[in-house]
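The values are calculated or read from the model by the stated rules, or taken from the named source; none is laboratory data. Values in this document were obtained by computation on a predicted structure and should not be read as measured data. Counting neighbours? That spans all protein chains shown, and the Cβs are built from the backbone with ideal geometry, glycine included. The accessibility values were calculated without ligands, DNA or RNA, using every heavy atom of the protein model including side chains. Shrake-Rupley method; radii C 1.70, N 1.55, O 1.52, S 1.80 Å.
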Amino acid sequence: MSHAPAHSTALAQAGAWVERLRESLHARGVQTHISWVLLTDDFAWKIKKPVRLGFLDCRSRHAREHLCEEELRLNRRLAPELYLGVARITGTPEQPGLDGAGPVLDHAVTMRRFPDGALLSERLAAGRLQATDIDQLARRLAEFHRQAPVAAVDAGLGTPERVAGDLRAVVRRLAGSDPGFDAAPWREWVEQHASRMAATWARRLREGFVREVHGDLHLANLVDLDGDITAFDAIEFDPALRWIDVASDIAFAVMDLHAHGRPDLAMRLLDGWLSGTGDHGAVTVLRSYLVYRALVRALVRNLTVAPDRRTSESSTGAAPSARQYLDEACRWRDGADPRLLITEGLPGSGKTWVTTQLLERCGAIRLRSDVERKRLHGLAPADRSPSPPGQGLYTDTATARVYEHLEHLARDALQAGWPVIIDASFAQAAARRRMRALARSLQVPFAILRCEAPDAELRRRLQWRQTQGTDASDADAAVLAHARRTREPLAPDEQAVALDAGSPPDVEELARRWRAHQGNDDEHELPSDRHHG
């Protein structure tokens with residue numbers, strides 16, 4: 001006669017009363033590896049299973065209650081309207097109820113149920129995910145990450161050893177879950193990458209970018225709650241998975257959008273997040289986390305999809321296949337393409353609109369002078385400055401400081417292997433020469449995007465922008481007049497590396513020309529092993 005382990009018996013007993021509770025609530029039941037979820041038209045209750053797994057131990061009722069409270073605390077940061085409280089499951093195993101009389105059997109997280117089709121993964125599959133949704137999500141996550149608690153340097157969280165260990169672990173588990181996975185080159189890459197990146201990971205920890213964040217920002221954990229795009233289902237069961245670099249958190253959503261066939265939305269999200277946080281240093285480590293997140297999703301697909309279906313799935317479904325996520329990991333691992341593009345043009349000439357289109361198509365990091373100028377003076381991008389041309393925020397000294405800052409940020413991003421666009425007027429030849437020298441020193445291609453528009457159109461755009469009051473630019477008619485007087489035309493050698501935007505711009509052709517562009521004197525060959533972001 002054999003005896004089932006105690007935890008298996010406890011799981012079976014709990015499963016029996018959960019089923020009775022489901023019946024009494026007239027609910028639909030679904031399961032995850034650690035929870036039962038009961039769904040009615042308006043509410044959902046999540047009940048932790050009494051299990052012990054490699055990453056958690058929920059065998060005691062106290063532990064399950066604690067995780068319910070943690071789930072409520074963590075998720076109310078981003079979705080307070082969704083997470084309603086922690087309910088007591090009371091009564092007897094034969095007649096369980098919610099918050100009633102009798103002894104407490106267990107606890108459940110009570111949630112408002114959102115409608116089917118609200119997940120961003122569902123909206124994307126249905127062709128209903130819009131750029132404005134991504135912009136709203138970028139703002140929400142940027143604000144969340146700015147306010148998240150910072151890890152103590154000596155807490156053992158987000159350390160280089162932990163980041164490297166996570167990479168090693170996911171490669172090891174992939175090798176165990178997929179006989180076709182060639183682990184050897186990945187193991188070699190992890191060791192080389194960890195050695196190169198250790199100091200950078202450590203600096204991010206010291207500078208306060210390891211924080212208590214979400215930890216699981218893939219598309220099925222992003223949701224539209226009555227027009228509010230946000231995240232839910234943060235990781236409550238393992239603090240080490242949520243006390244991470246904010247770059248790792250945003251990398252999950254960026255990677256998943258890219259893997260779902262929307263690189264444009266992925267880069268739009270990243271651009272909005274960088275603009276909102278000002279954490280441009282994130283690009284120095286972002287590639288590490290994009291690779292890691294893709295490997296994690298490949299592992300999850302291996303663990304949840306039958307082996308005979310792993311190669312037949314399509315990205316048009318609910319999620320890409322494990323093979324597609326592995327391809328995504330390789331793309332981020334090997335896809336460095338540093339190049340520098342600066343803009344030149346009067347206020348209202350379309351620089352920001354065109355560069356938005358280019359960054360979405362070319363996977364570029366954008367730096368905006370209007371945004372960074374405000375940030376350097378302690379202002380939010382949409383804050384208005386009363387400074388007239390040549391004064392306050394716009395003195396020659398202040399402008400020189402902005403361009404020095406842009407150069408520093410561009411250098412970091414280029415050295416990390418990213419294409420970089422600097423959206424600024426670059427009216428002065430000296431500023432253009434400085435950026436060209438930067439590209440030459442790093443041996444990356446350099447180009448100038450020249451934007452033009454008729455005077456009447458410039459004025460119309462500036463007036464419309466002022467009326468909207470949402471753009472970082474303070475330009476008005478006076479600024480336009482000043483810019484005309486001080487603008488220095490491109491020299492012949494600059495015209496040789498110039499890309500004219502055209503009116504109207506053909507952004508697909510511009511993107512093609514920039515990707516093919518290799519100009520910057522004769523020094524543009526790229527050492528293949530120099531970039532390591």
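Residue by residue, here is whether (1) more than 20 Å from Glu122 (Cβ to Cβ); (2) under 16 Å from the mean Cα position of the chain (by Cα); (3) at pLDDT 95 or above holds:
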position	(1), (2), (3)
Ala231	no, yes, yes
Glu236	yes, no, yes
Asp256	no, yes, yes
Ala266	no, yes, yes
Tyr289	yes, yes, yes
Tyr292	yes, yes, yes
Arg297	no, yes, yes
Val300	no, no, no
Thr316	no, no, no
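Would the range 143-151 turn up any residue that is closer than 30 Å to Arg73 by Cβ, acidic (Asp, Glu) and touching a Ser or Thr at 6+ places or on another chain (Cβ under 9 Å)?
Residues of the range 143-151 closer than 30 Å to Arg73 by Cβ: 143-151.
Filter once more, so that each one left must be acidic (Asp, Glu): 143.
Restricting the remaining residues to those that are touching a Ser or Thr at 6+ places or on another chain (Cβ under 9 Å) gives 143.
Yes, because at least one residue in the range 143-151 is closer than 30 Å to Arg73 by Cβ, acidic (Asp, Glu) and touching a Ser or Thr at 6+ places or on another chain (Cβ under 9 Å).
For the range 479-497, filtered to residues that are under 38 Å from the mean Cα position of the chain (by Cα) and either open to solvent by less than 60 Å² (accessible area, probe 1.4 Å) or of a type in the set (Phe, Trp, Tyr) (or both), the residue that is nearest to Leu393 (Cα to Cα) is Val479. Among the residues of the range 56-67, is there at least one that is open to solvent by 20 Å² or more (accessible area, probe 1.4 Å), modelled with pLDDT under 95, in contact with a Lys or Arg (Cβ under 9 Å, 6 or more places away or on another chain) and farther than 27 Å from Asp228 by Cβ? Yes - at least one qualifying residue is present in the range 56-67.
For the residues Gly215, Gly227, Gly176, the requirement of being surrounded by fewer than 15 Cβ atoms within 10 Å (Cβ to Cβ) and within 26 Å of Val109 (Cα to Cα) singles out Gly227.
Residues checked against (1) open to solvent by less than 70 Å² (accessible area, probe 1.4 Å); (2) closer than 29 Å to Gln324 by Cβ:
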| position | (1), (2) |
| --- | --- |
| Gly117 | yes, yes |
| Leu124 | yes, yes |
| Asp135 | yes, yes |
| Ala151 | yes, no |
| Asp166 | yes, yes |
| Arg172 | no, yes |
| Asp182 | no, yes |
| Gln192 | no, yes |
| Arg211 | yes, no |
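Scanning the range 90-115 for residues that are aliphatic (A, V, I, L, M) and either within 15 Å of Leu72 (Cβ to Cβ) or loosely packed, with under 15 Cβ neighbours inside 10 Å (or both) yields Ala101, Val104, Ala108, Val109, Met111.
For the range 417-432, the set of residues classified as more than 30 Å from His193 (Cβ to Cβ), open to solvent by less than 10 Å² (accessible area, probe 1.4 Å) and either modelled with pLDDT under 95 or assigned to a loop (DSSP other than H, G, I, E, B) (or both) consists of Ala424, Phe426, listed by residue number. Candidates Asp233, Asp245: the one that is of a type in the set (D, E, K, R), in contact with a helix residue (DSSP H, G or I) (Cβ under 7 Å, 6 or more places away or on another chain) and open to solvent by less than 20 Å² (accessible area, probe 1.4 Å) is Asp245. Scanning the range 467-501 for residues that are in contact with an Asp or Glu (Cβ under 9 Å, 6 or more places away or on another chain) and on the phi > 0 side of the Ramachandran plot gives no hits. Just one residue in the set Thr90, Thr132 is more than 20 Å from Arg22 (Cα to Cα) and either hydroxyl-bearing (Ser, Thr, Tyr) or in contact with a Phe, Trp or Tyr (Cβ under 7 Å, 6 or more places away or on another chain) (or both); that residue is Thr132.
Val30 falls short on exactly one of the conditions (1) exposed (fewer than 15 other Cβ atoms within 10 Å of the Cβ); (2) closer than 17 Å to Leu105 by Cα; (3) among the β-branched types (Val, Ile, Thr), and that condition is (2).
Show the residue pairs meeting these rules: Cβ distance below 8 Å; 6+ apart or different chains; first residue within the range 439-460 and in a helix (DSSP H, G or I); second residue surrounded by fewer than 23 Cβ atoms within 10 Å (Cβ to Cβ) and of a type in the set (A, V, I, L, M, F, W, C). Filtered contacts from the range 439-460: Leu458/Leu346; Leu458/Leu480; Arg459/Ala477; Arg459/Leu480. Here the condition is being at pLDDT below 95 and of a type outside the set (S, T, N, Q); of Ala4, Ala44, it holds for Ala4 alone. Scanning the range 42-72 for residues that are among the hydrophobic types (A, V, I, L, M, F, W, C) and under 16 Å from Asp99 (Cα atoms) returns Phe43, Ala44, Trp45, Ile47, Cys68. Scanning the range 70-85 for residues that are surrounded by fewer than 17 Cβ atoms within 10 Å (Cβ to Cβ) and on the phi < 0 side of the Ramachandran plot gives Arg73, Arg76, Pro80, Glu81, Leu84. One residue stands out among those in the range 498-517 that are open to solvent by less than 80 Å² (accessible area, probe 1.4 Å) and assigned to a loop (DSSP other than H, G, I, E, B): the one that is nearest to Arg433 (Cα to Cα), which is His517. Restricting Ser385, Ser349 to residues that are in contact with a Gly (Cβ under 9 Å, 6 or more places away or on another chain), modelled with pLDDT under 90 and of a type in the set (Ser, Thr, Tyr) narrows the list to Ser385.
Number of residues in the range 468-478 that are over 23 Å from Gln357 (Cα atoms) and either open to solvent by 70 Å² or more (accessible area, probe 1.4 Å) or modelled with pLDDT of 75 or more (or both): the value is 1. Among the conditions (1) under 28 Å from Gly215 (Cα atoms); (2) touching a residue at least 24 places away in the same chain (Cβ under 8 Å); (3) buried (at least 18 other Cβ atoms within 10 Å of the Cβ); (4) out of contact with any His (no Cβ under 9 Å at 6 or more places or on another chain), the only one that Ala14 does not satisfy is (1). Considering the range 194-209 alone, what residues qualify as being surrounded by 16 or more Cβ atoms within 10 Å (Cβ to Cβ) and part of a helix (DSSP H, G or I)? Scanning the range 194-209 gives Ala194, Met197, Thr200, Trp201, Ala202, Arg204, Leu205. The set of residues in the range 441-465 being farther than 13 Å from Leu480 by Cα and open to solvent by less than 70 Å² (accessible area, probe 1.4 Å) consists of Leu442, Val444, Pro445, Phe446, Ala447, Ile448, Leu449, Arg450, Cys451, Arg465.
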